[in-house]
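Below is one structure, written out as structure tokens; comments come after it.
The values are calculated or read from the model by the stated rules, or taken from the named source; none is laboratory data. Being a predicted model, the structure only gives us computed values, none of them experimental. Don't worry about glycine lacking a Cβ; one is built from the backbone with ideal geometry, like all the others, and counts go over all protein chains shown.
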Amino acid sequence: MKKMKHSKLTQSKYHYVFLAPHFIIFCIFFVVPIVYGIYVSFTRWDMFTPPQWIGFYNYQTILFNSESTFHRQFWTGFRNTFQFVLMMVPIQIVVPLALALALFAKPIGGRIFQGIFYIPTLFSISAAVLTWYFILHPGFGLLNNVVFTEHINWFGTQPFAWISILAVTTWWVIGLNMIIYIAALHGIDDGILEYAKLDGASGLRRLLYVYLPLIRLPLLFTVIASTASQFNIFGQPLMLTGGGPAESTHVLIMYIRTLAFGIGRPIAGLASSMAVMLGLCIGILSVIQMRIIMKLDAHN
């Protein structure tokens with residue numbers, strides 16, 4: 001017994017030894033920046049002099065001081081970010097689900113198309129945006145010169161600016177959710193599907209009463225992950241539209257970056273307070289969605 005206990009203790013020590021490097025990296029590159037960023041949000045800091053504690057002044061400025069430029073920037077950026085999330089998340093769920101159902105129903109050649117749709121997720125956002133930049137460019141773009149007879153300013157007018165951002169993002173991200181859905185569909189018992197077919201269930205009824213209920217947890221997981229990731233939109237509007245026209249696609253992270261690292265003296269304290277508010281919004285939405293998942297799982 002003593003030998004068994006000693007061997008178990010030795011194994012647990014080895015577990016901690018293997019976990020230690022990952023835990024240290026996690027603390028250095030994740031925990032410490034978050035804690036310091038929250039601290040900086042309560043200070044006046046320009047990155048050159050020591051931070052000066054000012055309490056909730058930064059938050060009062062961005063949230064309630066309507067005469068401040070930073071108040072306008074925060075709410076403009078938050079509104080544009082939230083608008084993008086509302087448009088993009090349903091697309092990021094529905095389109096991959098439709099592709100997954102189509103490829104699941106047609107197994108022959110399905111793996112080839114899975115690879116084709118998944119490949120864009122391996123690209124960096126810069127590569128994805130540049131690919132579409134040459135397709136959508138108003139002057140020499142493939143779309144304007146081959147498909148359409150009249151040139152459309154995809155980057156400088158609305159609603160085309162949002163359409164171009166949504167198109168790039170959809171092409172870039174649909175592969176990941178599609179793979180998750182295909183894996184979930186393959187986990188469904190074949191007997192259930194055969195019984196539904198023998199019972200005369202149409203394709204729509206099988207979707208509503210068989211597929212969706214049985215893959216509800218992966219589906220809700222992708223809703224949470226997609227919502228959190230799309231709140232961090234940055235590269236697409238920065239490289240395609242520059243935040244225009246008239247700041248209509250100027251998202252919150254673009255304002256945060258400009259304040260902290262843009263031209264002129266940095267205003268890192270205000271930028272950090274905006275980042276904290278964005279992170280708090282993502283956290284609240286994630287908690288709400290998790291509670292919905294837990295309730296649905298408990299009822300089933």
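Here's the yes/no breakdown for (1) at pLDDT below 90; (2) over 30 Å from residue 159 (Cβ atoms); (3) not hydroxyl-bearing (Ser, Thr, Tyr):
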site	(1), (2), (3)
217	yes, yes, yes
236	no, no, yes
258	no, no, no
296	yes, yes, yes
300	yes, yes, yes
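Looking only at region 37-75, filter to residues that are among the charged types (D, E, K, R) and part of a loop (DSSP other than H, G, I, E, B); which one of those is nearest to residue 253 (Cα to Cα)?
46
Which one is surrounded by the most Cβ atoms within 10 Å (Cβ to Cβ), of the residues in region 81-92 that are closer than 13 Å to residue 173 by Cα and either in contact (Cβ under 8 Å) with a residue 24 or more places away in the chain or in contact with a strand residue (DSSP E or B) (Cβ under 6 Å, 6 or more places away or on another chain) (or both)?
Within region 81-92, the match that is surrounded by the most Cβ atoms within 10 Å (Cβ to Cβ) is 92.
Within 30 Å of residue 190 (Cβ to Cβ) and in a helix (DSSP H, G or I) - does that describe any residue in region 119-127?
The answer is yes, given that some residue of region 119-127 is within 30 Å of residue 190 (Cβ to Cβ) and in a helix (DSSP H, G or I).
Just one of the numbered conditions (1) of a type outside the set (Val, Ile, Thr); (2) crowded, with 16+ Cβ neighbours inside 10 Å; (3) more than 30 Å from residue 130 (Cβ to Cβ); (4) free of Cβ contacts under 8 Å to residues at least 12 places away in the same chain is not true of residue 243; which one?
(3)
Give just the number: which of (1) of a type in the set (Phe, Trp, Tyr); (2) closer than 22 Å to residue 172 by Cα; (3) surrounded by 19 or more Cβ atoms within 10 Å (Cβ to Cβ) does residue 78 not satisfy?
Among (1) of a type in the set (Phe, Trp, Tyr); (2) closer than 22 Å to residue 172 by Cα; (3) surrounded by 19 or more Cβ atoms within 10 Å (Cβ to Cβ), the lone unmet condition for residue 78 is (2).
If I filter region 134-148 for residues that are within 27 Å of residue 228 (Cα to Cα) and crowded, with 19+ Cβ neighbours inside 10 Å, do I get at least one hit?
Scanning region 134-148, I find no residue that is within 27 Å of residue 228 (Cα to Cα) and crowded, with 19+ Cβ neighbours inside 10 Å, so the answer is no.
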